[in-house]
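A short write-up of the structure that comes next.
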Amino acid sequence: MEALRPFYSSYFSVALSPSGPLVRRRVAVLAAAGFPSHRYRNYECLRPMRCVLKKNKKRRSLLFKETDDPGNVEVYIPSAADDAGTATETFTTIELDERESSEDKKHTIVQRIIIFVTSEAAPYSKTGGLADVCGSLPIAFAARGHRVMVVSPRYLNGVSDKTYADSFDTGVRIKVPCFGDQPEVGFFHEYRAGVDWVFVDHPSYHRPGNPYGDENGAFGDNQFRFTILCHAACEAPLVLPLGGYTYGENCFFLVNDWHAGLVPLLLAAKYRPHGVYKDARSILVIHNLAHQGVEPAATYHKLGLPPDWYGAVEWVFPTWARTHALDKGETVNILKGAIVTVDRIVTVSQGYAWEITTGEGGCGLQDLLSNRKNVLNGITNGIDIDEWDPASDKHIPFHYSIDNLSGKAKCKAALQKELGFAIRSECPVIGFIGRLDYQKGTDLIMMAIPELLQHDIQFVMLGSGDRQTENWMRSTEFNYKEKFRGWVGFNIPVSHRITAGCDMLLMPSRFEPCGLNQLYAMRYATVPVVHKTGGLRALRLAISTFREHKASWEGLMKRGMSRNSTWDSAALKYEQVFKWALMDPPYVK
Ligand SMILES: Nc1ncnc2c1ncn2[C@@H]1O[C@H](COP(=O)(O)OP(=O)(O)O[C@H]2O[C@H](CO)[C@@H](O)[C@H](O)[C@H]2O)[C@@H](O)[C@H]1O
């Protein structure tokens, strides 16, 4: 019996084993045993088997023992009733398929240990595109053979609670030294799609509203909430025995936006002086530079950093940006601290990587970012093609594909009906989905709507955020019942139905680090109209093309649909960045 190990821990010996063929052999055993496919990584060589396994949803534990014979592995597969798994006599010897050993040789990806730190990750928590990226890129990495953990808060607000239902309490509690105290946090865990989803638990994450605020505005203690997230994320790889093994120190931290920005500072100031994380690397992923985590300088001592590290986060606003005569402009800026300590920086498109080094796009940080140009890269986001697929989307009433667009017309009619518009195929339906703020150019829509609604169009707007814009949406709907619907709120199924049912998606963003909605729209044969091509003037051209040049319009729809926006090429580029990060010693030793 001592040779037996429960499946869950053996899984991670699979994942961590440096020996390729052995890894493949054990994974092949899991597949041959009919173990649900989401329990092991999506190695290329298993694809043929996965089709069969998808039907087998039954959860069973699996024990195995190694044999000296390299061709065979003995596995114990208890029946459901027998799940305690104590009998040893039911071992079965499984011979490995030849196909797999030959495929082994092709698998050349270097496995990395990757820790995402993020304030939101879909489907658990979402207010925007950050969640989409942190919900799907980790899965893409895991599918490529990396060991991946995503650390985000466990927000309980009565609405999202059910999304955490499959996570369990690891029982691990740690105290994080910050804010003049030792707040205790717990860790919940779910293993899904090859990724360890780790949820940091603390009472400050349990309240109504979204991750950052409620109807009264941003939460006043966000600095505290994300400081404990960063401390907890640094501890997670060291203290959580996920599947029996901790992730360990030799990892890559992918820190997303300012909420995770304290991580590289903690690695440099708190851990490395004590010999911990000496070989780890951190990569800052900037989704949106407009938010930097700026608070009064007096809050520095709360962050849990040594006093002599103040300079790293110190940020003095220029005189013109100060609010009153006594304001000295002295603040701490978490994102700035990350920029000056992190090993590498990635933005979510190449264009944005350049923009943030300019006065127009740098949000005050352009000089610091320019200084780090040699480690700054842009990698365009991909999209989750399982979640956003018009051929199988569970949120839309009819399905369609590039070969048969008839379902799209039905989705349009269904949307018109749902919104209370006249069901008219010849009338262009234009949509907008997004946060209602300056970045997304919603004020431009507000200015243009009276003129736009002179045309024979139907316009639907889904979004929440700026209170004034929300009120404007309500009153415009009241005044233009036939032509305008304002859906105030955050609703994922509605966003899918709008994406599928509209002819055009309007995105008059002032700046867009990458933008996901245009990628989703194209995949749904919905033509995006964006600011850069002439903004709302381009919309008039789009409307006349829709009406008068049906063949060109269909060509546009199909070209959009056939665009490859999967995560594969982005993941490959991130792997290159990992390689580069290791070529240099840690930026702050
Ligand atoms: N009211 C609502 N109801 C339902 N769903 C809603 C919604 N409002 C927004 N969404 C959804 O939220 C996501 C927003 O994606 P964006 O790319 O516009 O991201 P955002 O600007 O938040 O993030 C930043 O990060 C992303 C990711 O890197 C970058 O693409 C982007 O340019 C950058 O500004 C989409 O999935 C959209 O459908």
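If I filter the stretch 431-452 down to residues being in contact (Cβ under 8 Å) with a residue 60 or more places away in the chain and away from the ligand (no atom under 16 Å from the Cβ), which single residue comes out as surrounded by the most Cβ atoms within 10 Å (Cβ to Cβ)?
Leu452
Which of (1) within 16 Å of the ligand (Cβ to nearest atom); (2) surrounded by 20 or more Cβ atoms within 10 Å (Cβ to Cβ) is the odd one out, the single condition Asp386 does not satisfy?
For Asp386, the exception is condition (2).
Conditions (1) of a type in the set (S, T, N, Q); (2) surrounded by 21 or more Cβ atoms within 10 Å (Cβ to Cβ); (3) more than 21 Å from Thr347 (Cβ to Cβ), marked per residue:
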site	(1), (2), (3)
Thr526	yes, yes, yes
Val530	no, no, no
Arg540	no, no, yes
His549	no, no, yes
Pro585	no, no, yes
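Residue by residue through the stretch 479-523, note down the ones that are in a loop (DSSP other than H, G, I, E, B), open to solvent by less than 20 Å² (accessible area, probe 1.4 Å) and more than 7 Å from the ligand (Cβ to nearest atom).
Listed by number, the residues that qualify are Cys502, Asp503, Pro508, Ser509.
Got at least one residue in the stretch 357-378 being open to solvent by less than 10 Å² (accessible area, probe 1.4 Å), modelled with pLDDT of 95 or more, within 16 Å of the ligand (Cβ to nearest atom) and closer than 30 Å to Ile492 by Cα?
No: zero hits.
For (1) within 18 Å of Ser495 (Cβ to Cβ); (2) in contact with a strand residue (DSSP E or B) (Cβ under 7 Å, 6 or more places away or on another chain); (3) β-branched (Val, Ile, Thr), each residue gets a yes or a no:
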residue	(1), (2), (3)
Ile433	yes, yes, yes
Lys440	yes, no, no
Leu444	no, no, no
Met447	no, no, no
His455	no, no, no
Ser475	no, no, no
Phe478	no, no, no
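Please work out which residue is farthest from Met522 (Cα to Cα), limiting yourself to the stretch 366-412 and to residues that are of a type in the set (Gly, Ala, Ser) and more than 18 Å from the chain's Cα centre (by Cα). Spell out the reasoning first.
Our first condition is that a residue be of a type in the set (Gly, Ala, Ser); within the stretch 366-412, this holds for 370, 378, 382, 391-392, 401, 406-407, 409.
Applying the additional criterion that residues be more than 18 Å from the chain's Cα centre (by Cα) yields 370, 391-392, 401, 406-407, 409.
Values: Ser370: 33, Ala391: 14, Ser392: 16, Ser401: 12, Ser406: 16, Gly407: 15, Ala409: 15 Å.
It comes out as Ser370.
Quick check on the stretch 127-162: of everything there that is open to solvent by 10 Å² or more (accessible area, probe 1.4 Å) and within 16 Å of Trp258 (Cα to Cα), which residue is farthest from the ligand (Cβ to nearest atom)?
Among those that are open to solvent by 10 Å² or more (accessible area, probe 1.4 Å) and within 16 Å of Trp258 (Cα to Cα), it is Thr127.
Take the residues of the stretch 247-264 that are touching a Leu at 6+ places or on another chain (Cβ under 6 Å) and farther than 18 Å from Val195 by Cα: which is least open to solvent (accessible area, probe 1.4 Å)?
So, considering only residues that are touching a Leu at 6+ places or on another chain (Cβ under 6 Å) and farther than 18 Å from Val195 by Cα, the one least open to solvent (accessible area, probe 1.4 Å) is Gly261.
Under 9 Å between Cβ atoms, at least 6 apart or on separate chains: pull out the pairs that start in the stretch 498-517 with a residue that is within 18 Å of Ile423 (Cβ to Cβ) and end on any residue that is open to solvent by less than 20 Å² (accessible area, probe 1.4 Å) and within 8 Å of the ligand (Cβ to nearest atom).
Ile498/Leu462
Out of Trp315, Trp354, report the one residue that is open to solvent by 20 Å² or more (accessible area, probe 1.4 Å), away from the ligand (no atom under 16 Å from the Cβ) and among the aromatic types (Phe, Trp, Tyr). Break it down stepwise before answering.
Values: Trp354 fails: away from the ligand (no atom under 16 Å from the Cβ).
One residue alone meets the criteria, Trp315.
Condition first: of a type outside the set (Ser, Thr, Tyr), open to solvent by less than 40 Å² (accessible area, probe 1.4 Å), closer than 25 Å to Ile492 by Cβ and free of Cβ contacts under 8 Å to residues at least 40 places away in the same chain. Can you find one or more residues in the stretch 185-205 that meet it?
yes
Those residues that are touching a strand residue (DSSP E or B) at 6+ places or on another chain (Cβ under 8 Å) and either farther than 28 Å from Ile113 by Cβ or of a type in the set (Lys, Arg) (or both), I need them from the stretch 290-309; list them, please. Working first, answer last.
In the first step, residues of the stretch 290-309 are kept if they are touching a strand residue (DSSP E or B) at 6+ places or on another chain (Cβ under 8 Å); the result is 292-297, 299-300, 302-304.
Scanning the stretch 290-309 gives Gln292, Val294, Glu295, Pro296, Ala297, Thr299, Tyr300, Lys302.
For the condition modelled with pLDDT of 95 or more, open to solvent by 50 Å² or more (accessible area, probe 1.4 Å) and either within 12 Å of the ligand (Cβ to nearest atom) or out of contact with any Phe, Trp or Tyr (no Cβ under 9 Å at 6 or more places or on another chain) (or both), what is the one hit in Glu470, Glu418?
Numbers: Glu470 fails: open to solvent by 50 Å² or more (accessible area, probe 1.4 Å).
On inspection, the qualifying residue turns out to be Glu418.
The values are calculated or read from the model by the stated rules, or taken from the named source; none is laboratory data. Bear in mind that the values here come from a model prediction, so they are computed numbers and not experimental data. Methodologically, a virtual Cβ is constructed for each residue, glycine included, from the backbone with ideal geometry; neighbour enumeration extends over all protein chains shown. For the accessible areas, the whole protein counts, side chains as well, though only heavy atoms, and no ligand, DNA or RNA atoms are used. Shrake-Rupley method; radii C 1.70, N 1.55, O 1.52, S 1.80 Å.
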